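Inspection log for the structure reproduced underneath, given as structure tokens.
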Amino acid sequence: MLEIKNLHVSVGDREILKGLTLTVKDGEVAAIMGPNGTGKSTLSYVIAGREGYDVTQGEVLLNGENILDLDPHERAARGLFLAFQYPVEIPGVATMQFLKATLNAQRRSRGEPELQTPDLMKRVRDAAAKLGVSQEMLRRPLNSGFSGGEKKRMEVLQMALLEPSVGILDETDSGLDIDALRVVSEGVNTLRSPHRSFLVITHYQRLLDYIRPDTVHVMAQGRIQRSGGPELALELEKNGYRDYIAEEAA
């Protein structure tokens, strides 16, 4: 379970998160929607441990443990996964080498034996086939020359192999056409489990047509302003964020 309590975060002199509180229960898919500039991506980066953000108050609890003092790799070892809005290319790193290194690092942190190459290859091939990740993609350097949809599929493949307890999707629908969106969403849906939670950050209802959330939260003014069921996303799609933007400008 992910619990965020009274989180205040600043960058320089500007406070971005202003007392944000949110709980994502085990097995829950929670969506965060809100206007540009309200701090949605900041929230994902702070949870993951990205540098450059000053947490001045509050806690982020993962399964009861405050992770704010942990390094990013330690948070990942605890079961946290962040899918980036714009996955980066790493031309000098082979995709299979990267997958082997990350998967075995996680296994070592959990006291599990490392996977040998035949077992690793089978796991990767099986997961890749379900996500439409071709063998040719696996032979390339990580994300090198990939389309936006291919990069997102590769991230979902990483998530499927690492089996996190909490997956954060930061606008994973950015730059995807309908076919790629469907494939990526189906991959996420196959990972839904009573023991795995998702925090889905998005601007648009269209992603939530494929990844149906249990709860929807409206974020504005650096905090959660309203929460509800999937119908709230439909309301936002119809009316936009004008009420929340008006409140912020007031």
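The values are calculated or read from the model by the stated rules, or taken from the named source; none is laboratory data. In this text the structure is predicted, and so the values were computed from the model without any measurement. When we count neighbours, we look across all protein chains shown, and the Cβ atoms used for this are built from the backbone with ideal geometry, even at glycine.
Within the stretch 139-148, the only residue that satisfies the criterion of being buried (at least 18 other Cβ atoms within 10 Å of the Cβ) and either among the aromatic types (Phe, Trp, Tyr) or assigned to a helix (DSSP H, G or I) (or both) is PHE146.
Residues are listed down the side, and each one gets a yes or a no for (1) surrounded by fewer than 17 Cβ atoms within 10 Å (Cβ to Cβ); (2) among the polar types (S, T, N, Q); (3) modelled with pLDDT of 95 or more; (4) in contact with a Gly (Cβ under 9 Å, 6 or more places away or on another chain):
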residue	(1), (2), (3), (4)
VAL29	no, no, yes, no
MET33	no, no, no, no
VAL55	yes, no, yes, no
LEU61	yes, no, yes, no
GLU65	yes, no, yes, no
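Using the structure shown, decide if ASP214 is among the charged types (D, E, K, R) and modelled with pLDDT under 95. Judged against the criteria, ASP214 is not a match. ASN6 satisfies every condition listed in (1) closer than 29 Å to PRO141 by Cα; (2) modelled with pLDDT of 95 or more except (1). For ARG153, the conditions (1) over 22 Å from PRO72 (Cβ atoms); (2) at pLDDT below 90; (3) assigned to a loop (DSSP other than H, G, I, E, B) all hold with the exception of (3). Restricting attention to the stretch 212-231, the residues being closer than 18 Å to LEU43 by Cβ and either in contact with a helix residue (DSSP H, G or I) (Cβ under 9 Å, 6 or more places away or on another chain) or aliphatic (A, V, I, L, M) (or both) number 12. Would it be correct to say that THR23 is β-branched (Val, Ile, Thr) and not in a strand (DSSP E or B)? In short, no.
Between ALA83, ALA129, ALA76, the distinction of being exposed (fewer than 15 other Cβ atoms within 10 Å of the Cβ), of a type outside the set (Ser, Thr, Tyr) and within 27 Å of VAL183 (Cβ to Cβ) belongs to ALA129 only.
Summed over the stretch 65-101, residues that are among the hydroxyl-bearing types (Ser, Thr, Tyr) and over 17 Å from the mean Cα position of the chain (by Cα) total 1. Counting only residues that are free of Cβ contacts under 8 Å to residues at least 24 places away in the same chain, among the aliphatic types (A, V, I, L, M) and in a loop (DSSP other than H, G, I, E, B), the stretch 86-127 holds 1 of them. For the stretch 69-85, the set of residues classified as closer than 13 Å to VAL46 by Cβ and touching a residue at least 60 places away in the same chain (Cβ under 8 Å) consists of LEU80, LEU82, listed by residue number. I'm trying to understand the selection: among the residues of the stretch 184-205, which are part of a helix (DSSP H, G or I), in contact with a helix residue (DSSP H, G or I) (Cβ under 7 Å, 6 or more places away or on another chain) and surrounded by fewer than 19 Cβ atoms within 10 Å (Cβ to Cβ)? Passing the criteria: THR190, GLN205. Among residues of the stretch 171-185 that are more than 16 Å from VAL133 (Cβ to Cβ), those with a Cβ under 7 angstrom from a residue that is part of a helix (DSSP H, G or I) and at pLDDT 80 or above, sequence gap 6+ or separate chain, pair up as ASP173/LEU181; ASP173/ARG206; ASP173/LEU207; GLY175/GLY148; ASP177/GLY149.
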